[in-house]
Each structure stands twice: as C-alpha cells, then as structure tokens.
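S.K.: Sharing a structure below in structure tokens format, with a few things to ask.
Each reported figure results from applying straightforward, stated rules to the coordinates on display, with no laboratory input. Because the structure is a prediction, the values reported are computed rather than measured. Don't worry about glycine lacking a Cβ; one is built from the backbone with ideal geometry, like all the others, and counts go over all protein chains shown.
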Amino acid sequence: MREVPQYVQVERRAGLSVREFNREYRDRGKPVVLLDAVEDWKARSAWTFDFFKSRYGDYTVQAFRYQGDRYQPDRLRPMALAEYIDGVLSHDWESFPYYIRDNWKFLVDHPELSADFTLPKYFFDWFSIMPRFMRLPYPRIFLGPKGAVTPLHQDLWGTHAWLTQLVGRKRWIFVRPEEKRFVYDFKVQPERPDFSRFPLFRQANPLECTIGPGETAFVPSGWIHYVVSLDPTISLSSNYMGPGCFSVTFPRAVRELLLKRIWASSTRWVTRPAPRASGTD
Ligand SMILES: O=C(O)CCC(=O)C(=O)O
Ligand SMILES: [Fe+2]
C-alpha cells in the first residue's frame with residue numbers, strides 16, 4: 001500500500017483588507033484561502049448545474065478528455081451542455097473523464113453571465129490597463145465530475161491566479177516554486193506519490209487546502225499546484241498580473257502576444273488574394 005500523505009494546511013482567512021492580503025500573502029508569495037471574497041456575487045446562489053442546463057443546455061461545449069495521466073489536446077469532445085451535465089451528475093471520473101476547462105469561450109459567448117460576479121477587490125489585474133491585444137478574456141469557468149483532476153503544473157507566464165468555488169469542493173495541493181526539482185517534470189501524483197519512482201518528492205514540503213462554495217484559493221506566481229474535485233463542481237477562475245509577478249510575466253506575455261500578432265498579420269498579408277492587374281483579364 002502506498003502512503004496517502006496529509007500536508008500542512010493553507011491558511012484560511014476572513015475579513016482581510018486589501019492591504020493585509022497584499023502584505024501577508026501576495027508580497028510573500030504565499031497561498032491563502034479567502035472565505036469571504038465573493039459575498040456579493042449573485043453567482044454564489046444562482047449558478048447551479050440546473051441553472052446551466054436549463055438556460056444553456058443547447059450550447060455546444062468542448063470537453064477535455066483525460067487519459068494516461070494527462071489531457072489529450074487532440075481529444076476535445078464537443079457535446080451539448082445539457083448532455084455534459086447529465087454525464088457529470090450520473091458518472092464519476094473513471095467512467096466520464098471529461099472536464100470543461102473553458103478556454104475563454106463560454107463567458108465570451110454569454111456576456112450576460114458577467115452580471116452575476118465582480119472581480120474580488122484583492123485581484124486587480126494589470127493586464128486590464130494594457131493595450132487591448134494584451135488583455136486575455138478571463139475569467140474562465142470550470143465544470144466537472146467528482147474526481148476530475150488537474151495534474152501538477154505551473155500557470156501561464158508566471159501569473160498569479162485565483163479560483164472561486166461555486167458548487168462542490170476541490171482539494172488543492174501546492175508545491176513551492178523553489179521545490180520544482182522535486183516534482184520530476186510534474187510527473188508526481190501528489191495525492192499518492194510513488195516514492196520508488198520519485199524519491200526526491202520526500203523532500204518537498206507541500207501545502208494543501210479544500211475549498212467549498214463561496215471560498216477562493218489564491219495561487220501566487222510560480223507555485224506548482226494539483227487540483228481534484230471531491231464532488232461535481234463549478235468554479236470560476238482568472239490568471240492575472242500585478243506586483244509580485246510583473247517582472248516575470250510582462251516580458252513573457254509581450255514576447256508571446258507580439259509574436260502572435262506579427263505572425264497573424266504576416267500570414268494575412270501572404271494569404272491575401274493578389275490584386276487583379278488592371279487592364280488584363
Ligand atoms: O480547478 C482546476 O481543476 C485547476 C485550475 C487551474 O489550476 C488552472 O486552470 O490553471
Ligand atoms: Fe493552475
């Protein structure tokens with residue numbers, strides 16, 4: 001039998017001012033669970049599986065297929081949201097390994113949902129004051145069955161992130177950025193680590209938390225994390241840029257977004273139909 005480790009719990013806080021959050025967590029690069037960051041959200045009570053099924057049941061979603069300990073990027077399965085939700089509520093992860101990790105589609109296509117939440121006061125995003133082409137259309141919505149897994153990873157461009165639980169619970173395991181060498185290219189499964197294959201993981205000092213409806217996890221820049229749904233779940237999440245990650249995130253974002261922009265405009269130019277020479281035909 002493998003050991004099933006328990007890790008040190010992430011701090012859980014209520015009533016934090018922005019100044020306290022910045023000083024105690026953001027500036028120290030330390031995860032925290034905020035118990036009351038979204039008290040004013042309509043989404044807290046309104047967003048249920050029934051709500052999405054009855055309002056958006058015909059909408060086609062792309063569900064990510066999990067197989068062989070990772071997501072298969074070429075195995076996106078399109079299905080009607082109603083069919084997906086029926087799958088989530090009547091199966092577990094073994095028989096229905098599909099996760100909606102919405103890549104900026106759902107809320108873009110249904111902007112009326114934005115009236116149901118606001119950005120929590122702790123997470124002002126410096127991307128929002130950048131030129132339009134640098135703004136990513138966050139947040140993203142996650143819907144998944146009990147047992148849905150996001151394997152160990154670090155987030156895009158060294159951004160900070162927050163994720164708010166709306167339905168069900170999620171267990172998170174965090175590994176410090178400086179302990180990256182202990183996770184073997186993210187191959188470790190930190191709920192049931194195979195120490196015979198990954199002995200250095202014994203030297204890591206992971207933290208963990210479980211968040212439920214209305215609770216928000218803050219993931220500081222560079223922290224490696226693993227997430228598993230303990231129930232069928234709905235969450236809302238954003239990555240963002242601010243103090244504590246700007247110097248890492250900004251150059252990476254500029255490089256990638258500018259290259260993408262240059263590439264798009266050059267291919268547009270190359271593939272544009274040649275103008276007809278006048279006077280010939
Ligand atoms: O909620 C999850 O499954 C993981 C979210 C996350 O860490 C991410 O999208 O980067
Ligand atoms: Fe993440």
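S.K.: Choose one answer from Ile100, Ile262, Ile234: the residue with the largest mean-square fluctuation in a GNM of the chain with alpha-carbon springs under 10 Å.
M.R.: Ile262
S.K.: Please give the charge dipole size of the range 150-245, origin at the Cα centre, charges +1 on K and R Cβ atoms and -1 on D and E Cβ atoms. Round to the nearest 20 debye.
M.R.: Roughly 220 debye for the range 150-245.
S.K.: Answer rounded, prolate or oblate for the range 1-123, using the Cα gyration tensor with square roots of eigenvalues a ≥ b ≥ c: rounded when a/c is under 1.5, else prolate when a/b is larger than b/c, else oblate.
M.R.: Verdict is oblate for the range 1-123.
S.K.: Among the listed pairs Lys53/Lys146; Lys30/Lys146; Lys53/Lys105; Lys105/Lys260; Lys180/Lys260, give every one whose C-alpha distance is greater than 21 Å.
M.R.: In this structure, Lys30/Lys146; Lys180/Lys260 exceed 21 Å between Cα atoms.
S.K.: Using only Cα atoms, find the angle between the long axis of helix 81-90 and the longest principal axis of the chain, and express it within 0 to 90 degrees, rounded to the nearest 10.
M.R.: 20 degrees
S.K.: Still on this model: Under 5 Å between amide H atoms, partner at least 5 residues away or on a different chain: which partners does Tyr59 have, H built in plane at 1.01 Å?
M.R.: Leu81, Ala82
S.K.: Ok, one more. Report the relative contact order of the chain, percent, no decimals, based on alpha-carbon pairs under 8 angstrom and at least 6 residues apart.
M.R.: Answer for the chain is 26 percent.
S.K.: Here is a further query. Have a look at Pro5, Ala148, Phe174 and report the one farthest towards the positive end of the charge dipole of the chain, computed about the Cα centre with Cβ charges (Lys/Arg +1, Asp/Glu -1).
M.R.: It is Phe174, whose Cα lies furthest towards the positive end.
S.K.: Taking Cα atoms, how many degrees apart are the long axis of helix 246-271 and the longest axis of the chain, rounded to 10 and kept between 0 and 90?
M.R.: 30 degrees
S.K.: How large is the direction-averaged shadow of the alpha-carbon convex hull of the chain, in nm²?
M.R.: 19.3 nm²
S.K.: Can you give me the long-range amide H partners of Arg75? Hydrogens built in the peptide plane at 1.01 Å from N, cutoff under 5 Å, separation of 5 or more residues or another chain.
M.R.: Arg65
S.K.: Out of Ser237, Pro251, Ala217, whose Cα points farthest toward the positive end of the dipole of the range 159-260 (charges: +1 Lys, Arg; -1 Asp, Glu; placed on Cβ)?
M.R.: Pro251
S.K.: Taking the Cα centre as origin and putting +1 on Lys and Arg beta-carbons and -1 on Asp and Glu beta-carbons, what dipole magnitude results for the range 10-269, to the nearest 20 debye?
M.R.: Dipole magnitude for the range 10-269 comes out near 840 debye.
S.K.: On to the next question. Would you please give the residues with an amide H less than 5 Å from that of Arg169, counting only those at least 5 places away or on a separate chain, with H modeled from the backbone geometry?
M.R.: Here the answer is Leu230, Asp231, since their amide H atoms fall under 5 Å of that of Arg169.
S.K.: Moving on. With the chain treated as a Gaussian network of Cα nodes joined by springs under 10 Å, which of Lys121, Lys30, Lys53 yields the largest mean-square fluctuation?
M.R.: Lys121
S.K.: With a 10 Å cut-off between alpha carbons and a GNM built on the chain, which of Tyr122, Tyr240, Tyr56 moves the most?
M.R.: Tyr56
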